[in-house]
Amino acid sequence: MFWNDSQIVSFFTTKEGGASEGYFSSLNLGFKSGDDLNVVKQNYKLLAQKLGIPYESMTCSAQVHETNIKQVTYEDRGNGVIFPNKWDSVDGIYTMEKDITLVTHYADCVPLFFYAPKHHLIGLAHAGWRGTVNKICEKMVKIWNEKHNVAYEDIQVGIGPSIGACCFEVNADVSEPFVNTFGKADFIKFKENGKANIDLWECNERMLQNLGIYNIQIANICTCCNSDKYFSHRKTQGKRGLMGAIMYLRY
């Protein structure tokens, strides 16, 4: 999605091009959404065929809106798709091994794509408002820096389609944790009614920039505004499927 690089695949799905029906229509990638599991597997097969990657390589996170991050190895290959998901809480995944397809799921939350080409490292993180305020983006890049000796300036990041500040209006139970963590930042816009609009894209971008990461691309696509093309939890009040962020190392 963000890199014109033959060595990797990076992709974010829409809700189009699958076999699911009803409000899951049609490329639903969520196994716990209530959709027919055989149809969801068919959607993964259709996606793998479209992207030219092995279906057996698809490996899913186990998202619970926390900040646990897992290094994926070849023995994890197929987790959550070919085999039952063996993890309880994994909102960020990364690998330095080829022939593993990383998959994380979304329906308004922020997909973060990480790439360090010099080190053959790819990663994905699911950053809803909880993941954002608890700094999952910082946690991922700090693991790369401290565990794998990747300089921050060597890390590239993409911020994919997700709910924009235009639609992410929240009450105090959400705005207060942001103020407590970041202070009265300009990506938190308070309104006269006491609610606030929060720009999750800018919030994640600022955290990365504070660590010296400036190669950041933002899709600037609001899933709620574009719910004809993307699943949006807020727009449909939870009646939706799940989209996927995909990354795959070819080398």
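None of the figures in this text is laboratory data; all of them are computed from the coordinates on show. The structure presented is a predicted model; accordingly, all values stated were derived computationally and were not measured. Every residue, glycine as well, gets a Cβ built from its backbone with ideal geometry; the counts of neighbours run over all protein chains shown.
Given the structure, is PHE231 surrounded by 19 or more Cβ atoms within 10 Å (Cβ to Cβ), of a type in the set (Phe, Trp, Tyr) and outside any loop (DSSP other than H, G, I, E, B)?
No, not satisfied.
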>> Considering only residues that are touching a residue at least 60 places away in the same chain (Cβ under 8 Å) and either over 25 Å from SER175 (Cα atoms) or assigned to a strand (DSSP E or B) (or both), which ones fall in the stretch 195-217?
In response: ILE198, GLY212, ILE213, TYR214, ASN215, ILE216, GLN217
>> Restricting to the stretch 153-167, name every residue that is part of a loop (DSSP other than H, G, I, E, B) and touching a residue at least 40 places away in the same chain (Cβ under 8 Å).
In response: ILE155, GLY160, PRO161, ILE163, GLY164, CYS166, CYS167
> How many residues does the stretch 71-86 hold that are surrounded by fewer than 20 Cβ atoms within 10 Å (Cβ to Cβ) and in contact with an Asp or Glu (Cβ under 9 Å, 6 or more places away or on another chain)?
Replying inline: 5
>> So if I check each of ASP186, ASP173, which one is over 22 Å from LEU121 (Cα atoms), among the acidic types (Asp, Glu), out of contact with any His (no Cβ under 8 Å at 6 or more places or on another chain) and in a helix (DSSP H, G or I)?
In response: ASP173
>> Being in a loop (DSSP other than H, G, I, E, B), surrounded by fewer than 17 Cβ atoms within 10 Å (Cβ to Cβ) and not hydrophobic (A, V, I, L, M, F, W, C) is the filter here; which residues of the stretch 135-152 pass it?
In response: ASN149
>> Among the residues that make up the stretch 52-63, is at least one of them buried (at least 18 other Cβ atoms within 10 Å of the Cβ), touching a residue at least 40 places away in the same chain (Cβ under 8 Å) and part of a helix (DSSP H, G or I)?
In response: yes
